[in-house]
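So the structure is just underneath, and the comments pick up after that.
The values are calculated or read from the model by the stated rules, or taken from the named source; none is laboratory data. Quick caveat: nothing in here was measured; it's all calculated off a predicted structure. Reconstructed Cβ throughout: ideal geometry from the backbone, glycine too, with neighbour counts over all protein chains shown. Areas reflect the complete protein model, heavy atoms only, side chains present, ligands, DNA and RNA absent. Shrake-Rupley method; radii C 1.70, N 1.55, O 1.52, S 1.80 Å.
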Amino acid sequence: MDGGVLEEDWQKERRDFLQSLSRISSLPKTNIVDTSTGVTRQISSLASSPHASSGSSGFEIVPLANKSFVEKKASAYAEVVKNLNCAREHGSQFKPATAFKGAYESLGVGVLGGKSVNMQKIWHLVQTLVGENTTMRQSISRKMSLVIGARHHLEWGHEKYIMDTIQNHPAQAALGGAVGNLQRVRAFLRIRLRDYGVLDFDAGDTHRQPPVDTTWQQIYFCLRTGYYEEARTVSLSSRASLQFAPMLMEWINSGGMVPVDIAAAASEECEKMLRMGDRVGRAAYDKKKLLLYAVVSGCRRQIDRLLRDHPTLFSTIEDFLWFKLSAVRDYPAGTSTMVLNESLIPYSVEDLQAYLNKFEPSYYTKNGKRPSRIPLYHGILTEGAGAGPKLGVMDAYAEASSIIRQYGSAYLHHGNISMALEYYAQAAATVGGGEISWTGRGNIDQQRQRSLMLKQLLTELLLRDGGIYLLLGSRGAGEEGELARFFIDFKERQQYLLEVAHRCQEAGLDEKSIEIQKRVGAFSMALDTINKSLSEAICALSRGRLDGESQTAGLINSGNEILETFKYYPDFSFQERDLVLEQETVLRQLEAILSVHKMARLGHFLDALRELAKLPFLPLDPRVPDITVDALRNLSPRVQDCVPDLLKVALTCLDNVTDSDGSLRAMRAKLWSPSHHLMNRLLGVCEVNKPWWFEMLWRGDPLVDQSVIDAVFQVCFSIDGCFRCISLRAAEAARRR
């Protein structure tokens, strides 16, 4: 178990995969039928929707034959991820490790370079660890199922070893036409025990020469190779193992969790054999009997003593690990009925992990170069038994989720948001506990973790080019898009989208916010966002920003589109209708203000004054009698923000038009009249407008009487650095008058 070598291999393969994404091409779309649900899905391998991005996707269409191996593997794995998500969403059975293994094998790679570790073996390891190729009892805990799966993987490897040995020594194996599992084990023993004489299963006349009793050898190697039924048959057919046969059957049937009385009987047999020690002339292979009784007992004391007294019992690290895994028990802590006394304390996963950690990782390698496949991961196997998850387990979920998310981010970086979505969905499901998160059976913390990550990752996709089209579809609030896969309830989906829209506003992404609000039917909110942006654009335009005009035109057009859409929207409340009408009024007021600014900027001052007089929210029409009221009190904040600059424009226009009939003087009087409170709006931004205020006071405008100057003092007194300068100018203006 060379952690360094394994990590190096993993990092290299991961780097190759991520680098290859820049070259991954789009595969032709094919109709794939989910056999479990009967649903036909059009899947484009690693290709995003043609409408998914307005810009370049970063992918080139390259024939499959021209792809590199890593690119082909990425495409094959991507299909598995899609099918996995589809199965989980529909509640269908799916074996992901088996599917990934099949995808890898479909590439026609085979065993590369004769390495002891390759991806085929790794996928088989994962497949057996999670029990996809075996049937586990429902009562077995997840920890114990992982242990059993790890043991099965080692048994699979030993079967290949036996077959290779037989193939390399066909004459000694003398297998003949027999193809049964027991016949293979016996052929293997003919090779292994060729120097011990005639074996019992080959002896013709037992009276002439006593054959070698291979009962315990046959039972051991049958178990070691995963031939459990054959091991049971041998134990029942030999007088030497009749006492052991019922113990073995219980061990097989219970998945190793034998009753206490059987464990005690097996432990007692171990004690007897260990006390006797090796007899003179006794064959070494009889130690397999001791080994088998120790496995059934699952007793820590017997396991430790056997390894101490017989350090050379195992010739390979795989045999040693199989023995350890076979002896592991998973009795709950503090269960007194499971342990009669200290001599029967079971051998646990923690005991095994502690033993393995005594040695350097290089101890578990092939000649110090290649790691053997030790299927033990402490963070996963130490599963908590309580209601709350253990820290190690959550760390494992979070780490796996982080890796999956990195793959999704790589696809997203290269423009394939469709495939990024599939990996992101898996990342969120993994942090939520895996398969149980899809059905809501995870605990409260797991459900919360999944929800938080899912919303975070979906938001990341929404903010990308093409993200809204992918998740929400061509119209609506996600009913026609991918978002409906994760938020089935409309209200929940609407609430999430409104949260995203709010975050977009905070980040200055008004266009995204408006589009999302419009999709969920929040037309008044979308119009308010447009009006806010339009108000800011008008202020920027009045202060000389060059791009303000094109921006304002686009915003007004968006507002008109929303109003047109609202007319035909089938489902809205009376309250929403009233709010939309209010926002429409604000939009028209801002549009009128913008028109005045444009006329003044083009030098059409008289036309600008005529438009100003028409504005219902400004009491500047010289034909209307004065009334004492704050004309701006009920205005929207969006419009109020534009008023100071609008009044500046009014003063500029008045200065550049000849008053032929006295109407302009009347308009100027209304502008300066304290009863209209317009002057206060100007004074409220005196820091910004200070230069022209100085000019007005310095000119000694006859309409700027002492009450105006007093008001200036009142407002400017509280503004640091402004009072002294303005007061001197005002005093000078008064002196000149």
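What to note about this one:
- Flag if GLN589 is in a helix (DSSP H, G or I) and open to solvent by 20 Å² or more (accessible area, probe 1.4 Å): yes
- Some residue of the stretch 436-455 being under 24 Å from TYR568 (Cα atoms) and part of a loop (DSSP other than H, G, I, E, B): no
- Looking only at residues in the stretch 103-121 that are of a type in the set (Gly, Ala, Ser) and surrounded by fewer than 14 Cβ atoms within 10 Å (Cβ to Cβ), the one that is modelled with the highest pLDDT is SER106.
- If the condition is being touching a helix residue (DSSP H, G or I) at 6+ places or on another chain (Cβ under 6 Å) and open to solvent by less than 10 Å² (accessible area, probe 1.4 Å), then the stretch 140-150 contributes VAL147, GLY149, ALA150.
- Which numbered condition LEU154 fails, given (1) open to solvent by less than 70 Å² (accessible area, probe 1.4 Å); (2) more than 22 Å from ASP286 (Cβ to Cβ); (3) in a loop (DSSP other than H, G, I, E, B); (4) not β-branched (Val, Ile, Thr): (3)
- Every residue from the stretch 185-201 that is open to solvent by less than 70 Å² (accessible area, probe 1.4 Å), without any contact (Cβ under 8 Å) to a residue 40 or more places away in the chain and either assigned to a helix (DSSP H, G or I) or in contact with a Phe, Trp or Tyr (Cβ under 6 Å, 6 or more places away or on another chain) (or both): ARG186, ALA187, PHE188, LEU189, ARG190, ILE191, ASP200, PHE201
- Any chance LEU175 is over 18 Å from ARG239 (Cα atoms), within 56 Å of the chain's Cα centre (by Cα), at pLDDT below 95 and open to solvent by 20 Å² or more (accessible area, probe 1.4 Å): yes
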